[in-house]
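The values are calculated or read from the model by the stated rules, or taken from the named source; none is laboratory data. None of these values were measured; they are calculated from a predicted model. Every residue, glycine as well, gets a Cβ built from its backbone with ideal geometry; the counts of neighbours run over all protein chains shown.
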Amino acid sequence: MRDLTDRALDTAAARGAAYADVRVVRRRDESVTIKTGRVEGVASGESEGFGVRVLVDGAWGFASSYRLTVAEADRVAAEAVRIARASATALRQPTRLDDRPAAHGRYETPLQEDPFEVPLETKIADLLAADQIVAGVKGIAFTESSYAAQREWKTFAATDGSLTEQVITHVGAGVEANAVDGDEHQRRSYPDSGGGWQAGGYECIRGLNLRERAEPLADEAVALLTAPQCPSGQFTVILDPSQLYLQVHESCGHPSELDRVFGTEASYAGTSFLTTDKLDEGFRYGSDLIDIVADATSPGGMGTFGWDDEGVAAQAVPLVQNGIFVGYLTSRETAPRIGRRSGGAMRADGWNRIPLIRMTNINLLPKPGMSLDEIVADTDDGLYLASNRSWSIDDRRLNFQFATEVAYEVKSGRKGRLFKNPTYTGITYEFWRSCDAVGDERSYVMLGTPNCGKGEPGQTGHIGHAVPGARFRNVQVGVGKW
Amino acid sequence: MNDDRAGDALALAEAALAEALREGVTEAEALVMAEDSALTRFANSEIHQNVAESNSVVNLRVVIGKRVGVASTGRTDPEGLRRLAENAAAIAGVVEELEDWGGLPAPSETSPVAAGYSASTAGASPEFRADAVRAVIAAADAAGVTAYGSFATGLESTAVANSKGVRVAGTRTTSQLITVSMGPAGGTGYAEEAAVDASTIDAADIGREAADKARATANAVAIEPGDYPVVLEEYAVVDLLDMLGYLGFSALAVQEERSFVEPGKRIGSEVVTIRDDGRDPAGLPLWFDYEGVAKQRVELIERGVCCGVVHDAQTAARAGVTSTGHGLPAPNPYGPFPLNMIMEPGTSTRDELIGGLDRGLLVTRFHYTNPVHPKLALVTGMTRDGTFLVEGGRVIGPVKNLRYTQSYLAALAGTTAVGRERRTLRGFLGGVVVPAVRIDNWTFTGGTEH
């Protein structure tokens, strides 16, 4: 491997690169999909290759290949330099990088039970057992249950002498119950609608207790078919962690990406309302209860690593403190522009993509006081919303609208009847300012999404979110015509 | 057509197939997807990201009795293919039988679409893309706005070989230029073009279109959300077709009772006709699917009435029909997908479409759309990069972006006019050919600050 990385860096430097880095990535994955009690698909895959990123005269170039040979390293490095020179023909502000120390070392995701060593038969049987319970409930039209694991072996080397090795392992599993009656289609999923992903080994899957949760889940999907429509109006809303994590993702994580703020995602995902003047002025993002941190060291989070993909060590970066906006997700290129050093948020989707500023683990920190159950008990009249069903937010991350799988009426401190088709909408900072209760450590759970899209060509990111559940006042619930 | 590249891909597929058959399996299918692609991205009127990729993936599906295993690899050497076959066979050895497994598809008559390949796109260099980007930026500079966007060019070779005798391979090219212009006072504009031949894309023209719109949307004013008739430009209509294809026009969606499609049911007005046709040169042609089956033209909606859905081999076997050639790479829990949706043009000019609005909105494009209730095709999203108030058939001025929560089926039913000009654009997964449309009602449910 050193032959290839050395050759790529030497060739890039010889052809004029002031800086170059190379990542060699091998990715292994496997998946099991079960539909309505039968194994629908089992697959395994592996991908390997390398990508060379160069900076020539202040302009970026990147090239990549699946052929892991020294000769290909020469060709790809030369192509990257040629591409950078083409970039330089339309360059107005030459890129400057911050001066992070050279990176050296090895990181491996802590785990107890290697998911790739667990017999495939065991993994299928575990998932099938849960799925068959769901499928066996009267009124269930179809189910979809999934298990997946992914491991990356990643070598990073750069012309400043950096050399790191990382082995990152992520696993996920979940069950989904679907009930259909005419035009009505109701779904319930567990542990969340994103597939229950974490960083770790098969012990994470065992810890989900899918079988125990299967039957109540299916019963609820069937019950939703005849449940009343969720009412519309201004409500007190309590968000379960299975919804709150995506609220954090969309309305705090993405707008905190400094590349979006500087416009480099404008043509695709959009920009951000969190412009740099808001950092300077101490913009009130949320209520005093809101503390949000980008923490690449959180146990079990899919945004946890040793170094990001430009060799910056993992760290915890405060984004919001006591409700005040205090920081961004940054890179070596963007951080100096606000007078800071990189917070280590550059991540690439495999060997054939450049690193972009991505979320690590964006966590809403728990607040001592009430558990989530105690927040419910503290609520006279409201709605408890769980498990995301759909999401949408505008191109500056202000106007959002979410649908959840279920709403429970909350009256006099108790969760009561079900409502179907709940939706809620708002403006990001108004919503977070309306938060008057955040759960404590007892309801703090690590969740995440394995399918965060960003960039052109498209990249899919694995993002972690630890959240405890929270309560919001005067939220607009119910939109559209049904 | 680049026969050497396609031939190389087919040889690799046959080598993988041979390895699979050595494992003693009942059936096997090897799919090779090889690409050389590049993308030049620009923001703040300069190139800030510029990438190229050479990749090849072998996907192997093996069947033992009715037990199916799938494995994939990027390793194309003999040892990599041997391990691939072992992995796929090992999976097939431990999974349960699929009782309704219909078998791998048999050979079908396929012939390449010559219009699907362009030598100029295949040879597109970083300098070629940079030239186009500079033309976009120059148009933005001339209008006093700032340019953002990307220019992608790609060469894709696909080959399928299976144990029933399927042997197909082809190479095609695609390109896409998109740009967002941002002007003073909050104005933004969008333009896009996709083509097989990248040299046919007039970058300066695309740049001018977006820049002009950015100028025209400066100082947008807020309007009350509510019900408005709309004219959707082509960039917005893409989302309608994509979402309906995802939610309803897949045979698997019908079989799982989550689709709105019922053959013979009227879901659109008389002016709505939509088909999928991978051979239409107006789109980005793709003449066989990822199971090696020739793509059939499928009428999805004919004058407002549901006609057909697209099939892959497995959904076709369940339904007792033949595949329409819309399979995706295995394993595929999402089912078949219409990758080349084409909407029939109407007779209206752009001015006539707008002229038919007494008081309504002209919408350039949608952003971040997502189904709220899939079976009702109820979708939410935002407008973006050019939303205008129209009164008395004339554009009055720009308005701030709005959120909508709208049934796309109701939109088809309420379509009153269709534009006579069409654009070729990129959808979720493939090329789409779309006109602008006028719809008698669209439900806007919220607003934002820009």
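Table: residues versus (1) under 18 Å from the mean Cα position of the chain (by Cα); (2) not assigned by TED's automatic domain parsing to the domain that holds residue A:37; (3) not hydroxyl-bearing (Ser, Thr, Tyr).
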position: A:149; (1), (2), (3): yes, no, yes
position: A:161; (1), (2), (3): no, no, yes
position: A:164; (1), (2), (3): no, no, no
position: A:174; (1), (2), (3): yes, no, yes
position: A:178; (1), (2), (3): no, no, yes
position: A:186; (1), (2), (3): no, no, yes
position: A:198; (1), (2), (3): yes, no, yes
position: A:218; (1), (2), (3): no, no, yes
So residue A:67, is it among the charged types (D, E, K, R) and assigned to a loop (DSSP other than H, G, I, E, B):
yes
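Here is a yes/no grid of residues against (1) out of contact with any strand residue (DSSP E or B) (no Cβ under 8 Å at 6 or more places or on another chain); (2) at pLDDT below 95; (3) in a strand (DSSP E or B); (4) within 7 Å of chain B (Cβ to nearest Cβ):
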residue: A:26; (1), (2), (3), (4): no, no, yes, no
residue: A:29; (1), (2), (3), (4): no, no, yes, no
residue: A:40; (1), (2), (3), (4): no, yes, yes, yes
residue: A:43; (1), (2), (3), (4): no, yes, yes, yes
residue: A:51; (1), (2), (3), (4): no, no, yes, no
residue: A:55; (1), (2), (3), (4): no, no, yes, no
residue: A:60; (1), (2), (3), (4): no, no, yes, yes
residue: A:63; (1), (2), (3), (4): no, no, yes, yes
Meets criteria (more than 22 Å from residue B:169 (Cβ to Cβ), surrounded by 17 or more Cβ atoms within 10 Å (Cβ to Cβ) and over 18 Å from the mean Cα position of the chain (by Cα)) for residue B:308
yes
Pull up segment A:164-208, narrow it to residues that are without any contact (Cβ under 8 Å) to a residue 24 or more places away in the chain and of a type in the set (Gly, Ala, Ser), then point me to the one that is nearest to residue A:151 (Cα to Cα).
A:207
When you scan segment B:167-245 for strands (runs of 3 or more DSSP E) that lie fully inside it, which ones turn up with 1 or more residues that are hydroxyl-bearing (Ser, Thr, Tyr) and in the same structural domain as residue B:310 (by TED's automatic domain parsing)?
B:227-232
Are any of the residues in segment A:280-289 surrounded by fewer than 24 Cβ atoms within 10 Å (Cβ to Cβ), outside any loop (DSSP other than H, G, I, E, B) and at pLDDT 95 or above?
yes
Residue in segment B:364-392 that is surrounded by the fewest Cβ atoms within 10 Å (Cβ to Cβ), counting only those that are under 19 Å from residue B:188 (Cα atoms) and away from chain A (no Cβ under 14 Å)
B:389
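Yes or no, residue by residue, for (1) within 22 Å of the chain's Cα centre (by Cα); (2) surrounded by fewer than 22 Cβ atoms within 10 Å (Cβ to Cβ):
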position	(1), (2)
A:395	yes, no
A:407	no, no
A:418	no, yes
A:424	yes, no
A:463	yes, no
A:466	yes, no
A:473	no, yes
Mind listing whichever residues of segment B:35-56 are facing another protein chain (nearest Cβ under 7 Å) and β-branched (Val, Ile, Thr)?
B:47, B:51
Only one of A:77, A:12, A:73, A:20 is in a strand (DSSP E or B), in contact (Cβ under 8 Å) with a residue 12 or more places away in the chain, more than 10 Å from chain B (Cβ to nearest Cβ) and more than 25 Å from the chain's Cα centre (by Cα), namely A:20
Can you list residue pairs whose Cβ atoms sit under 8 Å apart, with the first residue in segment A:264-276 being more than 9 Å from chain B (Cβ to nearest Cβ) and the second being hydroxyl-bearing (Ser, Thr, Tyr) and part of a loop (DSSP other than H, G, I, E, B)? Count only pairs 6 or more apart in sequence or on different chains.
A:274/A:285; A:274/A:328
Condition check: in contact with a strand residue (DSSP E or B) (Cβ under 6 Å, 6 or more places away or on another chain) and at pLDDT 95 or above. Does residue B:359 satisfy that?
yes
